[in-house]
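See structure below.
The values are calculated or read from the model by the stated rules, or taken from the named source; none is laboratory data. Computed from a predicted model, the values in this text were never measured in an experiment. In this analysis, Cβ positions are derived from the backbone assuming ideal geometry, glycine residues included, and neighbour counts consider all displayed protein chains.
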Amino acid sequence: MMALPYITEYTGFAGTVYATEPTVQIGRLLMEELVNSIERVPKAQSASMWKNKEVQRLLPAPLKDAVEVSMWRKCYTMPEVNAALSKIQLVGYSQKIELFGAVQVTPLSSGYALGSSNWIIQSHYEKVSYVSGSSLLTTHPQPMDQASLKNSDVLILTGLTQIPTANPDGMVGEFCSNLAMTVRNGGNVLVPCYPSGVIYDLLECLYQYIDSAGLSNVPFYFISPVANSSLEFSQIFAEWLCHNKQTKVYLPEPPFPHAELIQTNKLKHYPSIHGDFSNDFKQPCVVFTGHPSLRFGDVVHFMELWGKSSLNTVIFTEPDFSYLDALAPYQPLAMKCVYCPIDTRLNFIQVSKLLKEVQPLHVVCPEQYTQPPPTQAHRTDLMIDCQPPPMSYRRAEVLTLPYKRRYEKIEIMPELADSLVPLEIKPGISLATVSAVLHTKDNKHVLQLPPKPPQPPASKKRKRVSDDVPECKPLKPLLSGSIPVDQFVQTLEKHGFSDVKVEDTAKGHIVLLQEAETLIQIEEDSTHIICDNDEPLRVKLRDLVLKFLQKF
Amino acid sequence: MPEIKVTPLGAGQDVGRSCILVSIAGKNVMLDCGMHMGYNDDRRFPDFSYITQNGRLTDFLDCVIISHFHLDHCGALPYFSEMVGYDGPIYMTHPTKAICPILLEDYRKITVDKKGETNFFTSQMIKDCMKKVVAVHLHQTVQVDEELEIKAYYAGHVLGAAMFQIKVGCESVVYTGDYNMTPDRHLGAAWIDKCRPDLLITESTYATTIRDSKRCRERDFLKKVHETVERGGKVLIPVFALGRAQELCILLETFWERMNLKAPIYFSTGLTEKANHYYKLFITWTNQKIRKTFVQRNMFEFKHIKAFDRAFADNPGPMVVFATPGMLHAGQSLQIFRKWAGNEKNMVIMPGYCVQGTVGHKILSGQRKLEMEGRQILEVKMQVEYMSFSAHADAKGIMQLIRQAEPRNVLLVHGEAKKMEFLKQKIEQEFHVNCYMPANGETTTIFTNPSIPVDISLGLLKRETATGLLPDSKKPKLMHGTLMMKDNSFRLVSPEQALKELGLTEHQLRFTCRVHIQDPRKEHETVLRVYNHLKGVLKDYSVQHLPDGSITVESILIQATAHSEDQGTKVLLVSWTYQDEELGSFLTSLLKKGLPQSTA
């Protein structure tokens, strides 16, 4: 979602964006924090000449190796964020959204964050699931809805965990013990983090942990321009939370225990390090602040403040950035660094369990997931393994899905249905010939009774020849079956043809009506009536032949 | 013919104990399960024995839907599920699920503990009943079973109130519950999309009222409260703990702040704190403004409004008290009313509708001497004011909802018969749809005429839509296909495919006619004349002159040969298949008439 303004505001995009309410509210907070941190340190000038390929080639690494630098963009502004958000239409889980009458789109809980969704795109016969950023662990959001993903023709799978080897539960334990150890030794703890998401779980763990660890006097500071909003918003999305938290709201109690931490003054939140925070600031303490890349935001100040003392610890929990890269400009560093990435998204074991459960016909995923990570080439368990093998895609590649659409829904109006005459052709199979007017509106098809032919005006005395031209040609049904010659001849005789003569040919028979100079060739799959210019006779013969045939 | 049957067990030409049975496409759904506040006997609850005499309710009902937490919509629920016995699913929104058991418990306490009734549901029954509840999100499509699905829409009215769409196949019913089409100080307006249900079941509490603007009513209310307080009187506002109470609290709170008033405002204890807390936690269900500002200032944290203690009622001096319940039929509001009724300086403001039989209803209809329990006569000297703050749609709102949803039929419930009659006429006049208003126990049957969905092969559909790109209303194009019915599936395919699937081969029926034409010219000249003639007559058809000397009209072949005996006569062989029967027949008769001389 963080790139949404680039699409809605820069590309001429004129469509609707669908998202759940928590996604919009929390997404707004994340973008607000980003814009705020960037705008706080305005740059006097910006350089772009280096993006020229010839110049870039000469630059030192890692700039030299950066790809697609011409695509790099400046951060958007708050008005752009608001404009982008105004284009969003709110939807709820399991809400069926009709798009142009052709497909239905449905968001499902993905279990990863408040309001996070997987999506189903389906027509009457095809179902495509988009699974991204899902979690099977029980944290605060509503559990992942797996049942609705069943019977997918295609399942697009992305947003798997970035740290497939780390166990989130173990990481949380490590986080707590490192934090406690540092504080007990009189040091400060810095947790670079986003203002929403895992922080709710960390605070909940600490809530249970601090008393037993004897940390009840250590202040926790949460510093972000949106800290207050994030904490408040987390409490009002009861319907998007896991069952336990929902039950609390029914009591009524706030679903997250950070409300109590705030009430008892253990957790304090500030919009920035300026203002009230500088008065209240007490050490040793624990600080949660952004940005996890350590390149901007208030975290930079704390790195510089605490980096020189080996008593202090910085604990990385967000998996989006390599902690070594993040720390590089601050080296040499006396401060302890602990890396406990907490990424609750699906790992490869969970993926194979999920696929076994959901059983899609085809799986589509990014290329990276079809091979082991480049740094651990021997770990063949770290890739998606399913039958048939997943189809992979690369950036800007167009994939054709191995699926052929064959049917579509159409509605038959009740009046038309009444007029149909089904015939049982084979046991259990009935057929009816339908001749009707097709109406297509908003991609919905309806069959209606053909209108009655308008009565020709009787007043016209002399009709012009062209008036008789058959107007809309009513299509005749196809015929099937074969004509038993003997019975046919009998029928002819019954109808007054006395001079019927039958000749055998290689493929069938020829029936001759001598007087009328008419000839009927009868073969297995065809009948040919050749007659002179005698229309009543021809019609009569036609009707007799038709009696032996089935119509479709 | 498919039909939808509706039977109100309560709220049929009446307000109170809402309970409506709907049968749609073989599914039975019960809408709301309310109690009647005006009665203390059997009439209090709907007559569930109507549903089934000796079978289990669970076998008969596919689901129960509760629209909102007011007791006249959910009050009979524990009785129904635990005492009569129902184990199927009960659907309601999250806030309703949260608040409903609290109101039920409150109601139980008043009935059992205070009035000493026995044979009433217990606290445990309320808990067991709530375990059967499935909470739904707004707009979420809930699949009750394979065929039956329900969907909730925002209804305003009170926190968590919802309208429900019940859908089976392409037949659907919308039940509004109670709703409000104008946003108020704490809730938004009801909204529904153009879902074109076969039937809309709407409440009609204010069927004949068109209310003036909300602002006027608010100003009026504040003026009356202010005046009474100024002259040292006490104001009693009987309310239900959740709903109107919060709206009026917000109103008074801001007024007190602006006017810097000092007179105390109390809210009767018990539910207050809790109620406001629910509003804080379910803030996503309130209106836009409150949702936007809640981080800075939560509208449900009141500075001027304090908890009420029973002893305060005897305090001297002015005060404003919100007390429950709202219809003065029991509890604290009735106690305070009895204390204050004798003083003409005081005032009671009824901010909502009162059900017949309640004290509230009596004083509103002008009665000033009330017979209380124990044959005591209470004389009412205090001023009695009625202000319609209950958040029901007025006549304008009901019409607006009908316009939004575009139902094929409308059915009125939750209103008084006379007023319904008036609204019914108005609806039938304006929208030209049937409008019904069954009494309790009376069944209304509505015939639906659903289209039949079948599968059409994409090949056939594409063929048809490709040839008819430009829709022409004057000359509708006929499509031709074969409907295959096998087991229970219906598929529309092209005739060729039907033949193929059945393993049959096509039987071609062909006609060839000889037409004699008098024309002394050479064969190819004759052909050319025929060609020009046909081209002239058959403007809409593709007429082609092939290099081998034959002519085709669509797929009909015409060849000319000289007569073996008479060179002046040419024989035209016209050959067509059965599929071109009309055209072929027309051509032969056309050619038989000979060629026009003018083309010579």
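Structure values in brief
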read-out	value
Segment A:387-435: number of residues that are more than 27 Å from B:LEU502 (Cα to Cα) and assigned to a strand (DSSP E or B)	3
Residues within segment B:386-439 that are among the basic types (Lys, Arg) and part of a loop (DSSP other than H, G, I, E, B), tallied	1
Where a residue in segment B:554-568 is over 17 Å from B:LEU583 (Cβ atoms) and its partner, wherever it lies, is hydroxyl-bearing (Ser, Thr, Tyr), with Cβ under 9 Å and at least six apart	B:ALA560/B:THR526; B:ALA560/B:SER550; B:ALA562/B:THR526; B:ALA562/B:THR569; B:HIS563/B:THR569
Among the residues listed as B:LEU460, B:LEU502, the single one being facing another protein chain (nearest Cβ under 7 Å) and either modelled with pLDDT of 80 or more or surrounded by 14 or more Cβ atoms within 10 Å (Cβ to Cβ) (or both)	B:LEU502
Selection within segment B:277-291 - more than 8 Å from chain A (Cβ to nearest Cβ) and in contact with a Leu (Cβ under 8 Å, 6 or more places away or on another chain)	B:TYR279, B:TRP285, B:THR286, B:ASN287
Candidate set: segment B:23-57, residues that are part of a helix (DSSP H, G or I) and loosely packed, with under 15 Cβ neighbours inside 10 Å; chosen: the one modelled with the lowest pLDDT	B:ASP42
Among (1) surrounded by 13 or more Cβ atoms within 10 Å (Cβ to Cβ); (2) out of contact with any strand residue (DSSP E or B) (no Cβ under 8 Å at 6 or more places or on another chain), the one test that A:SER70 misses	(1)
First in segment B:105-120 and at negative phi, second anywhere and aromatic (Phe, Trp, Tyr) and modelled with pLDDT of 75 or more, Cβ under 7 Å, 6 or more apart	B:ARG108/B:PHE120; B:ARG108/B:PHE121; B:THR111/B:PHE120; B:VAL112/B:PHE120
Criterion (part of a helix (DSSP H, G or I) and either at pLDDT below 75 or closer than 29 Å to B:GLN497 by Cβ (or both)) met by exactly one of A:SER482, A:SER466, A:SER459	A:SER466
Check on B:PHE121, in the same structural domain as B:GLY169 (by the TED database), touching an Asp or Glu at 6+ places or on another chain (Cβ under 7 Å) and either under 25 Å from B:PRO8 (Cα atoms) or of a type in the set (Phe, Trp, Tyr) (or both)	yes
Qualifying positions in segment A:87-106 - in contact with a His (Cβ under 6 Å, 6 or more places away or on another chain) and without any contact (Cβ under 8 Å) to a residue 24 or more places away in the chain	A:GLN95
The lone exception for B:MET299 - which of (1) without any contact (Cβ under 8 Å) to a residue 12 or more places away in the chain; (2) outside any helix (DSSP H, G or I) it fails	(1)
Residues satisfying the stated conditions in segment A:80-128, i.e. hydroxyl-bearing (Ser, Thr, Tyr) and either within 14 Å of another protein chain (Cβ to nearest Cβ) or part of a strand (DSSP E or B) (or both)	A:SER86, A:TYR93, A:SER94, A:THR106, A:SER109, A:SER117, A:SER123, A:TYR125
Flag if A:ILE412 is within 12 Å of another protein chain (Cβ to nearest Cβ) and in contact with a helix residue (DSSP H, G or I) (Cβ under 7 Å, 6 or more places away or on another chain)	no
One residue from A:VAL287, A:VAL314, A:VAL300 being buried (at least 16 other Cβ atoms within 10 Å of the Cβ) and assigned to a helix (DSSP H, G or I)	A:VAL300
Near pairs, Cβ below 7 angstrom, 6+ apart or cross-chain, from segment B:207-236 (in contact (Cβ under 8 Å) with a residue 24 or more places away in the chain) to any residue that is basic (Lys, Arg)	B:ALA207/B:LYS419; B:THR208/B:LYS419; B:ILE210/B:LYS396; B:ARG231/B:LYS345; B:GLY232/B:LYS345; B:GLY233/B:LYS345
Hey, B:LYS535 more than 9 Å from chain A (Cβ to nearest Cβ) and at pLDDT 80 or above or not	yes
Segment A:223-268, residues that are under 24 Å from B:THR96 (Cα atoms), at the interface with chain B (Cβ under 10 Å from one of its Cβ atoms) and of a type in the set (Ser, Thr, Tyr)	A:THR247, A:TYR250
Residue within segment B:364-379 that is under 24 Å from B:LYS223 (Cβ atoms) and either touching a Gly at 6+ places or on another chain (Cβ under 9 Å) or touching a residue at least 24 places away in the same chain (Cβ under 8 Å) (or both) present	no
Total residues in segment B:137-153, condition part of a strand (DSSP E or B) and either more than 16 Å from the chain's Cα centre (by Cα) or outside the structural domain of B:TYR107 (by the TED database) (or both)	1
Some residue of segment B:92-100 being part of a loop (DSSP other than H, G, I, E, B) and without any contact (Cβ under 8 Å) to a residue 40 or more places away in the chain	no
B:ASP128 vs. criteria charged (D, E, K, R), touching a residue at least 12 places away in the same chain (Cβ under 8 Å) and within 26 Å of B:TYR153 (Cα to Cα)	no
Condition check for A:SER135: surrounded by 20 or more Cβ atoms within 10 Å (Cβ to Cβ) and in contact (Cβ under 8 Å) with a residue 60 or more places away in the chain	yes
Single unsatisfied condition, B:VAL229 versus (1) at pLDDT 85 or above; (2) crowded, with 19+ Cβ neighbours inside 10 Å; (3) closer than 21 Å to B:LEU334 by Cα; (4) out of contact with any Pro (no Cβ under 6 Å at 6 or more places or on another chain)	(4)
Residue ranges of helices (runs of 4 or more DSSP H) in segment A:174-252 with at least 2 members among the basic types (Lys, Arg) and closer than 17 Å to A:HIS140 by Cβ	A:243-249
Residue ID - surrounded by the most Cβ atoms within 10 Å (Cβ to Cβ), chosen from residues in segment B:95-128 that are farther than 21 Å from B:ALA275 by Cα and at pLDDT 90 or above	B:PHE121
Filtered residues of segment B:243-294 (kept if among the aliphatic types (A, V, I, L, M) and within 14 Å of B:ARG185 (Cα to Cα))	B:ALA245, B:LEU248, B:ILE250, B:LEU251, B:LEU252, B:ILE283, B:ILE290
Among (1) more than 7 Å from every other protein chain (Cβ to nearest Cβ); (2) within 17 Å of B:SER494 (Cβ to Cβ) - the single one A:VAL434 does not satisfy	(1)
Candidate set from segment B:347-389 (those that are among the hydrophobic types (A, V, I, L, M, F, W, C) and loosely packed, with under 13 Cβ neighbours inside 10 Å); member that is modelled with the highest pLDDT	B:ILE377
